[in-house]
Amino acid sequence: GQQLNQSPQSMFIQEGEDVSMNCTSSSIFNTWLWYKQEPGEGPVLLIALYKAGELTSNGRLTAQFGITRKDSFLNISASIPSDVGIYFCAGQLEISNAGNMLTFGGGTRLMVKP
Amino acid sequence: NAGVTQTPKFQVLKTGQSMTLQCAQDMNHNSMYWYRQDPGMGLRLIYYSASEGTTDKGEVPNGYNVSRLNKREFSLRLESAAPSQTSVYFCASSELGEGIAETQYFGPGTRLLVL
């Protein structure tokens, strides 16, 4: 099956630092999504990217859809303790009436030290 | 709106036992999905239902069956549980739009331990 390589696997940073994580794939995706998962909860959508080269922000979060359509990154500026969680990238190959199937990266576990 | 709900939240089974995980969404979404999440592996799609009355296999369907009972409900059944099925199971739903990808919304998960 398709695979997304997400890095880093984990990060332990100081409050106030900026964070950067990325996903790469050998396949071209039409859509990139970034989710955050907190302990005991399901993933929650943070940012959706629909066009190659697109740069989208959501508060302190910024994500970009790579020009090659094979990668995406997520930046978090001025991290705070509530940013703790696991961040997942997800890619979608195509839109069809067969459902919007997503392929997920392995996740980046973020820990923030106050 | 409750969004996507799942029951039970936790379950312990013995090898060979069967059980059904329930999922319901109140967002009038057409598509529903079942994933399993294992440490370091992200989420892997087990089965999905693009619309009421249809179901299709995902990446890891072996050992599972599903039923799209109606537009709201999508259940996942383990006929004979195995320790390898110990995992956290997530249900998700999405509105299938035209021309643009629709995002998936996830339930809180069911934590299953098979002994």
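Note on the stretch B:1-68 and the stretch A:1-62: Cα centroid distance 23 Å, given to the nearest whole angstrom.
Considering every alpha-carbon pair of chain B, the percent of pairs per 5 Å bin, from zero through the bin containing the longest distance, is 2, 13, 24, 26, 19, 10, 4, 1, 0, 0. Taking the protein heavy atoms of chain A in the context of the full set of protein chains, the accessible area attributed to carbon and sulfur is 50 percent at 1.4 Å.
Annotation: per residue accessible area for the protein assembly as shown equals 46 Å², rounded to a whole number [probe 1.4 Å, protein chains only]. Taken over the alpha carbons of the protein assembly as shown as equal point scatterers, the Debye sum produces base-10 log I(q)/I(0) values at 0.11, 0.14 Å⁻¹ of -0.54, -0.87. Solvent-accessible area of chain B (1.4 angstrom probe, protein heavy atoms only): carbon and sulfur portion equals 49 percent.
Give me the residues in the stretch B:45-62 whose solvent-accessible area, probe 1.4 Å, is reduced by at least 40 Å² once all protein chains are included instead of the chain isolated. Residues meeting the cut-off: B:48. Per-residue 3J(HN,Hα) values for the stretch A:84-91, derived from phi via the Karplus relation 6.51 cos²θ - 1.76 cosθ + 1.60 with θ = phi - 60°, read 4, x, 10, 9, 10, 8, 8, x Hz in sequence order (x marks Gly and Pro). Its residue count N fixes a reference of 2.2 N^0.38 Å for the stretch A:43-114, and the Cα radius of gyration divided by that reference is 1.21. For residue B:22 and residue B:115, the difference between the fully extended length at 0.36 nm per residue and the C-alpha to C-alpha distance is 31.4 nm. For the pair A and B, the buried accessible area comes to roughly 1900 Å² in total, with a 1.4 Å probe and the value rounded to the nearest 100. Over all pairs of different C-alpha atoms in the stretch A:13-59, the reciprocal of the mean inverse distance, the Kirkwood hydrodynamic radius, equals 13.1 Å. For the peptides B:32-44, B:66-78, the ranking by packing is B:32-44, B:66-78, with the highest mean count of neighbouring Cβ atoms within 10 Å listed first.
The values are calculated or read from the model by the stated rules, or taken from the named source; none is laboratory data. A quick note: this is a predicted structure, and the numbers were derived from the prediction, not measured. With ideal geometry, Cβ positions are generated from the backbone for all residues, glycine too; neighbour counts draw on all protein chains shown. For accessibility, only protein heavy atoms count, side chains too; no ligands or nucleic acids. Shrake-Rupley method; radii C 1.70, N 1.55, O 1.52, S 1.80 Å.
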